[in-house]
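Reading through the structure tokens given below for one structure.
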Amino acid sequence: MAFSSLFLILTICLNFSLNAQKLNQIEGSNASAPNLIIITTDGLRWQEVFNGMDFALANSKKFNHGDSAYLYNKYGSISVKERQAKLLPFITQTMGKNGLLFGNRFIENKVDVANPHWFSYPGYNEIFTGYPDSAINSNNYPPNPHENVLAFLQKQKVYQNKVIAFGAWDAYNRILNEAASGFPVINGFESLSSILPDPQTKILADMLKDSYKPFKEAECLDVFTHQQAKYYLETKRPKVMYISYGETDEWAHEGNYSAYLDAAHQVDTWVANLWNWIQSTPGYKDNTYLLITTDHGRGFGEGWTDHGADVKGASSIWFGLMGPDKNSNLTKIAAAQKTTMGEQSNNQQLYQKQLAATMAKLLGLQFTAQHPIGEAIY
Ligand SMILES: [Zn+2]
């Protein structure tokens, strides 16, 4: 073979291999794919989201535990807008202006769970699988047989090994079927140090182990779930992260209205801090969607402490979305609804089962699985 021919072949081969490498880098590159953060706070009522502190509950000796002055000072106002701003400033003011906030039943903007049970495992299953399977009828249900949208994302090249879930309640290993899903689920009293061993996670693990356990071994205080999730976000930079807070539901069951409102207010503060970090960090800034919602509603009046199929109103929920500032899919949602950004006021009915497909669609993907999936909201 003539030297010039060999040179030509070598050049072609080299070009081919360089092109293949480039293609691999593009396919393997996940920097530009949008990120998704999902937050849930268990059983936080739409009533508090859209009306702030409930005066009847704050006045009730049964529920204020002698804290009515504290409640009035911290969360009271004759103005609905001010009550919302005092209790949930990020969700109702920032998201309620620059994002999308659904579920204000005072103006017929309705969101409900589609499952018939109105408690936690069925609700979280519905959020993440898009399938309100009525057979999932217990919080002790075994590992979820249905694939969730986080597992679907974990299978996509750009999100592979960039997905993680944190939950205060120890049921998430089953709800998200950690064994089958292929992404880590850190729940209950599990420590982040199991997958990220360093001095910081060791301190968090020690504090978690020695902490006050008002919910016994089933659920840790939200602060530990939050600190572990925040540390993982800052150091490992996941592209898809779920954080589940549980105290709102626990204090409500105990009939402790000030602890319930304080837990909700704390979650709002944490989410505001996360959003500030997102919008000031390269790779996340203007490239991240945030969904916040709840697994079920609760009753009215004296029935506010409880939920379940026998509690009137407990199927009613709410959700909110934040997104990149410009060209965000959220503007498409508002356009599809013929509304503007902010708190939604259309007379409409949405369902929890629509959230899984919506999450994937925000990232430019169509969620598919072996089970029926609720349609995206746009
Ligand atoms: Zn509950």
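Readers should treat all values here as calculations from the given coordinates under stated rules, not as data from a laboratory. Quantities reported herein were computed from a predicted structural model and do not represent experimental measurements. With ideal geometry, Cβ positions are generated from the backbone for all residues, glycine too; neighbour counts draw on all protein chains shown.
Here are the numbers for this structure:
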read-out	value
DSSP bridge pairs, the chain: antiparallel proportion in percent, nearest 5	30 percent
Of Gly43, Gly299, Gly130, the one that fluctuates the most in a GNM where the chain has Cα springs shorter than 10 Å	Gly299
Sum of -39500 (n - 2.57) over DSSP H runs of 4+, divided by residues of the chain (222 nm, nearest 500)	-11500 deg cm²/dmol
Taking Glu219, Glu48 and counting other C-beta atoms within 10 Å, the order from fewest to most	Glu219, Glu48
Non-local Lys pairs in the range 23-179, i.e. 8 or more apart or on different chains, that have alpha carbons under 29 Å apart	14
Under-5 Å amide H pairs with Thr288, H placed in peptide plane, nonlocal only	Asn35
Rounded to 5, the percent of DSSP beta bridges in the range 115-258 classed as antiparallel	10 percent
Of the chymotrypsin sites (Phe, Trp or Tyr not before Pro) in the range 182-234, those whose Cβ has at most 14 other Cβ within 10 Å and which sit in DSSP loop	Tyr212
Average projected area [Cα convex hull, the range 154-217], square nanometres	4.9 nm²
Highest-fluctuation residue, Ile195, Ile39, Ile175 considered, GNM on the chain with Cα pairs under 10 Å	Ile195
Shape metrics for the chain, restricted to C-alpha atoms - Rg then Dmax, Å	22.6, 98
Helix 3-28 vs. the chain, principal-axis angle (Cα, 0 to 90°, nearest 10)	0 degrees
Peptides ranked, highest mean first, by Cβ atoms within 10 Å: ranges 354-364, 332-342	354-364, 332-342
C-alpha long axis of helix 120-129 to longest principal axis of the chain, angle in °	30 degrees
Size of electric dipole in the chain: Cβ of Lys, Arg +1 and of Asp, Glu -1, about Cα centre, debye, nearest 20	1160 debye
Where Rh is the Kirkwood radius over Cα pairs, Rg/Rh for the range 27-133	1.07
Segments 314-325, 138-149 sorted - mean Cβ within 10 Å per residue, highest first	314-325, 138-149
Sequence-separation-based contact order of the chain, relative, with Cα cut under 8 Å and 6+ spacing, percent	29 percent
Angle in degrees between helix 222-236 and the longest Cα principal axis of the chain, rounded to the nearest 10	20 degrees
